[in-house]
Amino acid sequence: MCLISALSFLILLSGAASALAAGTLTITCLDVGQGDATLIESPSGMTLLFDGGDNHEGDDVVIPFLQSRGITSLDYTVASHYHADHISGLEEVLNTIPVTGAVYDRGWSYTTTTYYNYVAAAGAQRTTLTAGQVIDLGDGVTVTCIALNAAGTRSSPFSNSSYENDYDVALVVSYGGFDYFQAGDLTSIVETAIATQAGDMDVYQVNHHASTTSSNATFLQAIQAEVAVVSVGSNSYGHPAQSVLDRLVQYGSFVYQTENGSGGTLPAADLTVVGGHVVIQTDGGSTYTVDGDVWQTDEDVVAPAEDLMPVALQVLGNVPNPFNPMTQIRFTSAQDGPGRLDVYDLTGRRIWGRNLDVQSGDNAVVWNGKDAHGRAAAGGAYLYVVETAYGRDAGRMVLLK
């Protein structure tokens, strides 16, 4: 896949930041068809299962997967909300696999047999999450609840079945320079309310199986996720929606899907249908992998002071980002001399470049959003590389159309 080679050479150009953690965080978006189930395994061995898929998916998919990983108990579970395609399988897991910690959910109640079965399986371990609560999975991995029960966009009691998707629990998984967002079937109204709080993400597990009710422009612009993962199966709802897939790409995400679904699609340059579980792994340093593809985190990982050396060349980002029609790419250099700036699309194709007279200190170069022939570039994500005799560094930007 061309995307991999493009990102791989950027990783080499930018130089890997020092990893702060020795172990590996593994997040597996399980292929449970039209549903959600995500297993988080920290380097310490602690585990959290977020949702469990629909009826039979717990018995047929989740439990066998846990057993294949040698997992005989879970530390925590979290139910995003009370729809069957998220908690039916979770109830099956709770009836089979012991949980040593809390069985978290949003509290309140619902009025379906599926919900009552889940509550019975959770038993005395059922615990209501609170906004801002942090679950510590050890070795630097944290899971933070940033929203639940509509995040102030609805009034209590939070038991109106028409708003069940609004009530979803939203979690951010963080480890070193890596951040991951997941929130079940969260809707657009709540996405807008929490967009700033969510902030920059590396991977976004797409809300509501990429339904038209999710992934609005305000939210996507705020999280700036390089990777989007869609958990989806054959369905009658038209998931994933073509408009959502297009919007994900517009705001710079490459999409991985567990299955094809029954909605829109994208060219291979923007989408991989895994046909199974989507596995994300990182050591908390400068890179992570998705389905074996290497990606670079969008945060600098700060090295210990004794490891710090004078920076010969460092990209400082581009302003504005996203942008239309132009942006200013900024970098700093320790030395004067010749340099080069090149802009690449996500297939690794260079579309624009110019030679530079680099000055010691801060530098800025304007890109007008056009290719080498003066034609307006298509909307989407682009990668830029600054190179001098003293080093190379890279960044990512999003051109809006």
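The values are calculated or read from the model by the stated rules, or taken from the named source; none is laboratory data. The structure presented is a predicted model; accordingly, all values stated were derived computationally and were not measured. Cβ coordinates were reconstructed from backbone atoms using ideal geometry, including for glycine residues, and neighbour counts include every protein chain displayed.
A few points about this structure:
- Contacts under 8 angstrom Cβ, first residue in the stretch 54-69 being in the same structural domain as A84 (by TED's automatic domain parsing) and surrounded by fewer than 15 Cβ atoms within 10 Å (Cβ to Cβ), partner among the small types (G, A, S) and assigned to a helix (DSSP H, G or I), 6 or more apart: H56/S88; H56/G89
- Flag if D85 is farther than 17 Å from V279 by Cα, assigned by TED's automatic domain parsing to the domain that holds G33 and buried (at least 24 other Cβ atoms within 10 Å of the Cβ): yes
- Scanning the stretch 166-199 for residues that are charged (D, E, K, R) and in contact (Cβ under 8 Å) with a residue 60 or more places away in the chain returns D168, D179, D185.
- Residue match in the stretch 94-104 (condition: surrounded by fewer than 24 Cβ atoms within 10 Å (Cβ to Cβ) and either assigned to a strand (DSSP E or B) or not assigned by TED's automatic domain parsing to the domain that holds T282 (or both)): yes
- Any hit, the stretch 215-232, residues being over 20 Å from G380 (Cα atoms), in the same structural domain as G132 (by TED's automatic domain parsing) and either more than 15 Å from the chain's Cα centre (by Cα) or outside any loop (DSSP other than H, G, I, E, B) (or both): yes
- Every test in (1) surrounded by fewer than 23 Cβ atoms within 10 Å (Cβ to Cβ); (2) modelled with pLDDT of 95 or more; (3) touching a strand residue (DSSP E or B) at 6+ places or on another chain (Cβ under 7 Å) is passed by Q257 save one, and that test is (1).
- When restricted to residues that are at pLDDT 90 or above, surrounded by 15 or more Cβ atoms within 10 Å (Cβ to Cβ), closer than 21 Å to L400 by Cβ and among the hydrophobic types (A, V, I, L, M, F, W, C), the stretch 342-382 contains 6.
- Residue count for the stretch 69-100, restricted to those that are polar (S, T, N, Q) and over 25 Å from the mean Cα position of the chain (by Cα): 5
- Test result for F219, of a type outside the set (D, E, K, R), surrounded by 19 or more Cβ atoms within 10 Å (Cβ to Cβ) and touching a strand residue (DSSP E or B) at 6+ places or on another chain (Cβ under 7 Å): no
- Just one of the listed residues (T142, T114) is surrounded by fewer than 16 Cβ atoms within 10 Å (Cβ to Cβ) and either acidic (D, E) or assigned by TED's automatic domain parsing to the domain that holds V279 (or both), and it is T142.
- Hits in the stretch 38-74 (condition: touching a helix residue (DSSP H, G or I) at 6+ places or on another chain (Cβ under 8 Å) and not in a loop (DSSP other than H, G, I, E, B)): L39, L49, E57, G58, D59, V61, V62, I63, L66, L74
- Residue, farthest from G53 (Cα to Cα), within the stretch 126-139, restricted to residues that are in contact with a Gly (Cβ under 8 Å, 6 or more places away or on another chain) and surrounded by 16 or more Cβ atoms within 10 Å (Cβ to Cβ): D139
- Some residue of the stretch 307-318 being crowded, with 17+ Cβ neighbours inside 10 Å, modelled with pLDDT under 95 and assigned to a loop (DSSP other than H, G, I, E, B): no
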